[in-house]
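Trainee: If you scroll down you'll find the structure; I have some questions about it.
Values in this text are rule-based calculations from the coordinates and carry no lab data. The model shown is predicted, which means the values in this text are computed figures rather than measured ones. Don't worry about glycine lacking a Cβ; one is built from the backbone with ideal geometry, like all the others, and counts go over all protein chains shown.
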Ligand code: BJW
């Protein structure tokens, strides 16, 4: 099947589905100018994850870790949703339910207007008190003090994100799993499908009969399990799917009259 036929197939599958999951990774935000992790210019090509994104790194050198997160907050601050994020937001009212389950911490799905969002790996605009666990939102860029200190108890604050070796929020993970069990179709967009347990979500969905459409310029471990794998950029492919889907909907309505 060529890419055009795959896009057509994806639109057909969407037109027959009620409960949709968009499972997203850093690739969907790359066209907004936010670096991915494992791509050519990805963060893990320039920086060592073990020095910056582990609990051990934070306890050894909280200032260094915070300086890195402050740098990334500055990159993300003025970035805008691209056509990929926007199409997902436009689909809010098109289906009985649409959940965005994202590994991204950049907040661009919210900025685009998506409604039901599960952030599996946290949010870079949130800080968490290391003593009391209180989460606060802080958009100041650059941060006023590094490392930031909890205003209530004076303890160190940490980024409210999930580092390697840390468990994901069990409530969020079970909500994601529950939504997937009700879904008929999942779009897996812009993720290398390498990081667990998040990567198991589309794999499990495919095994339990949910139609899985992958959108990614590269093949991934999910590719052999997906029903359709569209090799392209999210910001190109999603608007193409949307155009065809809108035509299908118009034709169906025309026939019903
Ligand atoms: C485009 C595009 C365009 C580009 N359009 N597409 C089982 C097996 C092996 C290992 C493990 C396992 N279970 C657990 C592990 C360990 C570890 C892990 O998975 N390691 C693997 C890397 C080997 N997992 C963990 O540690 C997790 N915790 C855990 O398991 O807890 C249990 C436990 C508790 C106690 C002790 C021990 C275990 C936590 C993982 C947390 C991941 N955190 C990060 C950082 C978040 C905060 C931050 O941003 O600073 O999350 S790492 C990073 O990877 C980030 C991402 O969310 C995540 C996934 O990356 P993503 O989004 O897929 O990006 P890329 O760069 O990998 O891929 C981009 C893709 O986009 C590419 O495919 C491109 O082709 C594509 N693309 N342009 C569409 N325009």
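Trainee: Taking 41 Å as R0, compute the FRET efficiency from the Cβ-Cβ separation of residue 47 and residue 247 and round it to 0.05.
Mentor: Working from the Cβ atoms, E equals 0.35.
Trainee: Also, I was wondering about something else. Rounding to the nearest 10 and keeping the result within 0 to 90°, find how far the Cα-based axis of helix 234-256 lies from the longest principal axis of the chain.
Mentor: 40 degrees
Trainee: When the chain is treated as a GNM, springs tying every alpha-carbon pair under 10 Å, which of 160, 139, 85 comes out with the largest mean-square fluctuation?
Mentor: Checking each option, the largest mean-square fluctuation is seen for 139.
Trainee: Also, I was wondering about something else. Could you list 134, 60, 36, 228 so that the one with the fewest beta carbons within 10 Å of its beta carbon is first and the one with the most is last?
Mentor: Arranged by neighbour count, lowest to highest, 134, 60, 36, 228 become 60, 134, 228, 36.
Trainee: I would also like to ask the following. Taking springs between alpha-carbon atoms closer than 10 angstrom, which of 102, 136, 220 fluctuates most in the Gaussian network model of the chain?
Mentor: Between 102, 136, 220, it is 136 that shows the largest mean-square fluctuation.
Trainee: Continuing with this model, one more query. In a solvent-free Debye calculation with one equal scatterer on each Cα, what is log10 I(q)/I(0) for the stretch 212-257 at q = 0.21 Å⁻¹, listed in the order of the q values?
Mentor: Debye output, listed in q order: -0.72.
Trainee: Then there is this: Give the angle, between 0 and 90 degrees and rounded to the nearest 10, that separates the Cα long axis of helix 3-15 from the longest principal axis of the Cα atoms of the chain.
Mentor: Its long axis makes an angle of about 90 degrees.
Trainee: Could I ask something else about it? Restricting to the chain, what percent of DSSP beta bridges are antiparallel, rounded to 5?
Mentor: For the chain, the DSSP antiparallel bridge percentage is about 25.
Trainee: How compact and how long is the stretch 27-76, expressed as Rg and Dmax of its alpha-carbon atoms in Å?
Mentor: According to the Cα coordinates of the stretch 27-76, Rg and Dmax are 11.6, 34 Å.
Trainee: Given the -39500 (n - 2.57) contribution per DSSP H run of 4+ residues, what per-residue ellipticity at 222 nm results for the chain, rounded to the nearest 500 deg cm²/dmol?
Mentor: Using -39500 (n - 2.57) per qualifying helix, the result is -11500 deg cm²/dmol.
Trainee: Assuming 1.002 mPa s and 20 °C, estimate D for the chain with Stokes-Einstein, Rh taken as the Kirkwood radius over Cα pairs, in µm²/s.
Mentor: 112 µm²/s
Trainee: How much length is gained if the chain between residue 208 and residue 56 is pulled fully straight, taking 0.36 nm per residue apart and subtracting their Cα-Cα distance, in nm to one decimal?
Mentor: Fully extending the segment from residue 208 to residue 56 adds 51.0 nm.
Trainee: Tell me the angle of helix 62-77 to the major Cα principal axis of the chain, expressed in degrees between 0 and 90 and rounded to the nearest ten.
Mentor: 40 degrees
Trainee: Using 1/(1 + (r/R0)^6) with R0 = 51 angstrom and r between the beta carbons of residue 79 and residue 256, what's the FRET efficiency to the nearest 0.05?
Mentor: 0.80
Trainee: Please identify, among 240, 175, 145, the residue showing maximal mean-square fluctuation in a Gaussian network model of the chain using a 10 angstrom Cα cutoff.
Mentor: 145
Trainee: Additional query: Let me check against my output: what whole-number percent is the relative contact order of the chain, with C-alpha pairs under 8 Å and at least 6 apart?
Mentor: After rounding, I find 26 percent.
Trainee: On the Cα set of the stretch 1-85, report Rg and Dmax in Å, please.
Mentor: Answer for the stretch 1-85, Rg first and Dmax second: 18.1, 52 Å.
Trainee: Starting from the Kirkwood Rh over alpha-carbon pairs, what translational D in µm² s⁻¹ does the stretch 119-179 have by Stokes-Einstein at 10 °C and 1.306 mPa s?
Mentor: The estimated diffusion coefficient comes to 125 µm²/s.
Trainee: While we're here: Set the Förster distance to 41 Å, then compute FRET efficiency between residue 141 and residue 16 from the Cβ-Cβ distance, nearest 0.05.
Mentor: 0.40
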